[in-house]
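Structure first, commentary second.
The values are calculated or read from the model by the stated rules, or taken from the named source; none is laboratory data. Only a predicted model underlies this, so the values are computations on that prediction, with no experimental measurement involved. Here Cβ is always computed from backbone atoms with ideal geometry, including for glycine, and neighbour counts include all displayed protein chains. Note: areas computed on protein heavy atoms with side chains; ligands, DNA, RNA excluded. Shrake-Rupley method; radii C 1.70, N 1.55, O 1.52, S 1.80 Å.
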Amino acid sequence: MTSTVKDFNFPFVPYKIQQDFMTGLYEVIEKGQIGIFESPTGTGKTLSLLCGALTWLCDHEDKVKEDLREKLRDLQQKIDQEEKNSASSNDWIDSQYATIRLKEDLMSQRQILDKILEYEKKIEGIRARKIKEIREKKKWRTSERKKPEEEMENPEESLPSTEEDFLIEENEGEEEEPVEQNPPEKHRNTKIFFCSRTHSQLSQVVEEVKRTKFAENLRVVSLGSRQNFCINKEVRNLKSVALINEKCLDLQRNRSKVTSAEDGKVLKRKKGKGCEFLKESAIETLRDTALSEIVDIEDIVELGRIEKGCPYYANRAAISDAQLILLPYQMIFHKRTREQTGIDLRDSVIIVDEAHNLLDTVSSIHCAEIFLDQLREVHSQLTAYRDKYMKRFSTKNLLKLNQLIFVAIRLIKMIPEAPKISHRIILTHELMSEGEFFNINLYELLTFCENTRLAQKIQGFSVNLSGKIAESSEPPKSATQMLLEKLETEEQKKKRGKKPMTVQEQIEDTVEIKKNSPSVIRLFLGFLECLTEDIADGRILLTWDPKPRIKYLLLKPDAHFADILKDCRALIVAGGTMQPTNELTEQLFSRQTSRIKEYFFDHVVAEDSVLPIVVSRGPTGKPLHLNFATRSSKESLNAIGMSLQNICNVVPAGIVVFLGSYDYLDTVFQHLEQSGMLERIRGRKKVFKEPRQGARIERVLNDYSDAVTRGGGAIMFSVVGGKLSEGLNFSDDLGRCVVVVGLPYPNKTNPELLEKMKHCDAVLRAGAGNEYYENICMKAVNQCIGRAVRHINDYASVILLDERYATEKTSKKLPGWIRRSLKEAPNFGMVQAFLVKFFREKRAKPLRD
């Protein structure tokens, strides 16, 4: 008996692994499980995630209504039967009581169904109204985009600009009593939250959704930061995300401004100017548009300009009615951000794409660090601010400021300038005890700072103070002088070079930089917020390498993930390289292990479309063991250069070489140039090198692509963990060969890594720390390997340049589609023979359908 194959409305006939992927995904969601899915890059993973999840969502919505209707029919039949029985029953009271209870249940279920039907009618009404408007506006949207933008306003007004604006009002720090309200309960539709690392990846997801049949009626909303959505020129001109957030909230509050004061008492206020785009009617129009047509961030921003409404708040308003919500990691993994955005995870489905580094990502989101020079600047700004308004603060507010100054002083003293050791690791309570501020309620202090917008006021105060001094011929004094000395950044020091800057030049430069620089007060408060976490897996790192700093480390983030797992119906984590999965199960899902289900899928390409080779010996016949101690020796560098030179002689089109770090890339590149090998490689292929600066990546990639497509071939020297090792595709001729030089283990002397390994050994089991260390390396290698072979007709060779890849301990952590055809060449001559045969056969083989 054959089982029926589920139709997932895939845009084309799915491959078997895609069908199996969607089937497993559907089952995980239906059963409310945690699914870990590994599917190699190039196998249509994102489209499979979308079709599988959206098929379940449609089925679920239909099933909920059908189950309610079935229950109503059953209840009505029971009521009819009970009423018949009651006529002939001797126990009339019990019979009537049973009938009443059945009718109450019937009414309750009918109300639920009515709410669902009413909700669907509302959504249909929104779509009907908007579709006609959208079609009309599309005709002239293009011409609107071509209109030149007005000059951006001067960001000087982005911060409080007058002395009265900087002052904390007497009752400003007090929390308002919440007003108890009981709004009528509305239908809450089931949502799918689709998360990825970057906005560009989420934009690609939008395009994938548009390819499916679900796009016709699906309500999709993309979320992001204000920086991505803001259309207010005054706000958008700010370079700091934190400043953009503060200015937006400031305009939203439309706070009143003090225009007259005497002896610290406010005599007159003037209503402040709010944001021109914060119009309820325009925001509602944008929200309805977002729910009526699938639009990405760029589209909704353009519509916002046309409608004169805020795209950021329009998309937030659309969250409650959306079915598919696309958002970056930070917005869903950080509880406070979720709450501020209005994200409700109850009964929802969460899909995390590109989840190979999920554990480290969640940990890093909940870490915070601050440098010694920043702490000193915090102290200088707080002190100058307090001294300026000392007589005008209320006793309570002055106490809070003094507490902040005291904590800053104590943290500064915790980081001596001439330490006897390179670093210290202590617990949170030990920091507060040694720092002697354990008796200060940090939560109350942070609430005070948030309610008074202290960070924004002090930022404005420091800029305003610098500007006033720039207009004066007198030099700064006392706390003000200290503040200005601390404000000089590394950027300014490099700018002036050997020529000393005058006091006037330094002040003027400081004013310009500080206007658009992140506030050190915000960094300080962010660090204090971490200290309020009641988590035993947190540590404090005090280190002096390369600069004195203090950092909060989260070693095991499962406590932060517990709320997510508790609220959501199902969680899906997917990636091209998820193995080994024990890290996720032990450190992120340890409280829900019974719900975990794992799926591992092969590649769509045939086994003979990939040629992975372990190169254990170089062209001279000597073993290749490129560990940290030997990889920079002349012998090793010669072996690497000769290997690459020979590979270039037999591999057509594009070759991508991955090395362990930018410094090691520079070392190899310099040796190749000095030895003349690079010139010989250039005789076969055009040579490119991954730049450290991210802004130059796109241009280098375009030049590399042009060199390959013109037929001459090219070789790209890249870095493991760099921009080219994740998220970029070297398909077809762009990546006919991927070479990974050595095993890119992280620096084992790093104190953060050492503490993490120590913690794994203590909390999990002996040896878990070393396993974590090895997994970091192998996941990075697997990401590099996945840059090539991106579709069913693609083919490539993978060269692993180190004898350690041949050991079972290492090879078993390679992807399954690599292990199945992995070869170890006994000598380098065999490497060339394998490559020549492979590419000759590929050129002669017809394409697959």
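The length gained by stretching the chain between Glu417 and Val763 to full extension, at 0.36 nm per residue less their Cα-Cα distance, is 121.2 nm.
Shown here for segment 685-734: chymotrypsin sites (Phe, Trp or Tyr not before Pro) in loop regions (DSSP other than H, G, I, E, B) with at most 11 other Cβ atoms within 10 Å, of which there are none.
His759 sits with roughly 10 Å² accessible to a 1.4 Å probe, with DNA, RNA and ligands left out of the calculation. Solvent exposure of segment 643-712 amounts to 49 Å² per residue of accessible area, where only protein heavy atoms count and the probe is 1.4 Å. Compared with the alpha-carbon gap, the fully stretched path from Lys634 to Asp80 is longer by 190.2 nm at 0.36 nm per residue.
Extension gain, Asn702-Glu444: 0.36 nm per intervening residue step, less the Cα-Cα distance, totals 87.6 nm. Between Glu284 and Lys597, the C-beta separation translates, for a Förster distance of 30 Å, into a calculated FRET efficiency of about 0.10. Remark: segment 1-86 carries a charge dipole of roughly 180 debye about the Cα centre, counting +1 on each Lys and Arg Cβ and -1 on each Asp and Glu Cβ. Dividing the Cα radius of gyration of segment 620-665 by its Kirkwood radius returns 0.98 for Rg/Rh. For chymotrypsin sites (Phe, Trp or Tyr not before Pro), the sites in segment 397-470 that DSSP calls loop and that have at most 16 other Cβ atoms within 10 Å are Phe438. Taken over segment 377-453, the convex hull of the Cα atoms encloses 111 Å³ per residue. Taking label positions 7 Å along the Cα-Cβ direction at both Gln670 and Ile535, the computed distance is 4.0 nm, reported to one decimal. Eigen-decomposition of the gyration tensor built on the alpha-carbon atoms of segment 411-460 gives equivalent ellipsoid semi-axes of 28, 16, 8 angstrom, largest listed first.
Residues Asp666, Asp558, ordered by accessible area of protein heavy atoms at a 1.4 angstrom probe radius and largest first, appear as Asp666, Asp558.
Rg/Rh for segment 1-85 stands at 1.22; both radii use Cα atoms, and Rh follows the Kirkwood definition. Between Met390 and Asn451, the FRET efficiency estimated from the beta carbon spacing at R0 = 22 angstrom works out to 0.60. Taking every protein chain into account, the accessible area of segment 789-841 amounts to 42 square angstrom per residue (probe 1.4 Å).
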